[in-house]
1. With each label point set 7 Å from Cα along the Cα-Cβ vector, what nm distance links residue 62 and residue 21?
2. Spin-label point model (7 Å from Cα, Cβ direction): what's the residue 28 to residue 80 distance in nm?
3. What does the extension gain come out to for residue 12 and residue 44, with contour length at 0.36 nm per residue minus their alpha carbon separation?
C-alpha cells in the first residue's frame, strides 16, 4: 500500500485490519511501529509487486493506494480490479484512472470489465 493509505489505516481504532498478513508500504520515510508484519519498501513497482508475491507464497496480492494502483495498471501487473463506490463525498481523493492512457486501459482491456452491483 502507499504511505498515505498506511497512515490512514494505522489510525483506525482497534487491531491492525490485515492481521498477520505481510504488508509492504511504499515509502521513503521511516514507519511508526505497529503490531503487525509491516515493511517499508521503495523502488520500481514491478520489484515491489514481485516482493509482495514472494511473501504471499502463491496467494493473491492486494494493492492499495491510488498512485500504486495507477503504476501497477500501467505496468500490466493487475489481474483483477475491485472498485468500491460510496454515495457520499468523503473529502479530497486522487483519481485511480484520470485517463485511459495513464491506466494503460486499451479497448481490449476495457472489454474485460465486469460491473457487479452488490447493493
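None of the figures in this text is laboratory data; all of them are computed from the coordinates on show. The model shown is predicted, which means the values in this text are computed figures rather than measured ones. Note that each Cβ is placed from the backbone with ideal geometry, even for glycine, and that neighbours are counted across all protein chains shown.
1. The modelled label-to-label distance comes out at 0.3 nm.
2. Once both label points are built, they end up 3.5 nm from each other.
3. Details: separation 32, 0.36 × 32 = 11.52 nm, distance 2.86 nm.
The span from residue 12 to residue 44 would gain 8.7 nm if fully extended.
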